[in-house]
Amino acid sequence: MDIAEKKYSSVEAKQSFGRLVDEAQHSPVTITKHNRDIAVIVSAEKIRQLSQSILSDYFKELVNNGSMTFFEALDRQTEIENKASYALEQHSRGETKLADDTFFDNIKKQALERAN
């Protein structure tokens, strides 16, 4: 997957860092090492735009009030989405139980029986 149109080797990036930063204001720039993508320079404005379009309202608020950085919020949101997706897959395969009042009444009953 190509993240950016422009790519520079780490040697070129080191020699022309100022130019790369200027270019990144207009579009992301990929840094490569041994022909492998190792980093991307993206403008701060692009990150702000991404945070508003990708993050849920809950995580937007955490980023906007300074409680989390964009990348922390993105990691956490992705983790939650992955867990929810896994839980839905389990449910569709019939591997889950409904945690309703009956479920908890049975747990309470079992606990009381063990205690006696």
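Comparing mean-square fluctuations of 87, 39, 99 from a GNM of the chain with C-alpha springs under 10 Å, the top value falls on 99.
Loop-resident GluC sites (Glu not before Pro) (DSSP state other than H, G, I, E or B) in segment 1-80 with no more than 10 further Cβ atoms inside 10 Å of their Cβ: 5. Straight-line cross-link partners of residue 83 among the lysines, defined as a Cα under 22 Å from its Cα and at least 8 positions apart when in the same chain: 60, 97. Counted without the sites themselves, the longest stretch of the chain free of trypsin sites (Lys or Arg not before Pro) in a DSSP loop having at most 13 other beta carbon atoms within 10 Å is 1-92. In the chain, helical runs assigned H by DSSP with n ≥ 4 each contribute -39500 (n - 2.57); averaged across all residues and rounded to the nearest 500, the mean residue ellipticity at 222 nm is -19000 deg cm²/dmol. Taking the C-alpha atoms only, the angle from helix 70-92 to the longest principal axis of the chain is near 40 degrees. With contacts taken as Cα pairs under 8 Å and at least 6 residues apart, the chain reaches a relative contact order of 15 percent. Sort segment 1-42 into rounded, prolate or oblate with this rule: let a ≥ b ≥ c be the square roots of the eigenvalues of the Cα gyration tensor; rounded if a/c is under 1.5, and if a/c is not under 1.5, prolate when a/b is larger than b/c, oblate otherwise. Oblate shape, in that a/c is at least 1.5 and b/c is the bigger or equal ratio. Summarised as an ellipsoid, the chain has semi-axes of 48, 17, 13 Å, derived from the eigenvalues of the Cα gyration tensor scaled by 5 and square-rooted, with the largest first.
Each reported figure results from applying straightforward, stated rules to the coordinates on display, with no laboratory input. Just so it is clear, the model here is predicted, and its values are computed rather than measured. Here the Cβ is made from the backbone with ideal geometry for all residues, glycine too, and neighbour counts use every protein chain on show.
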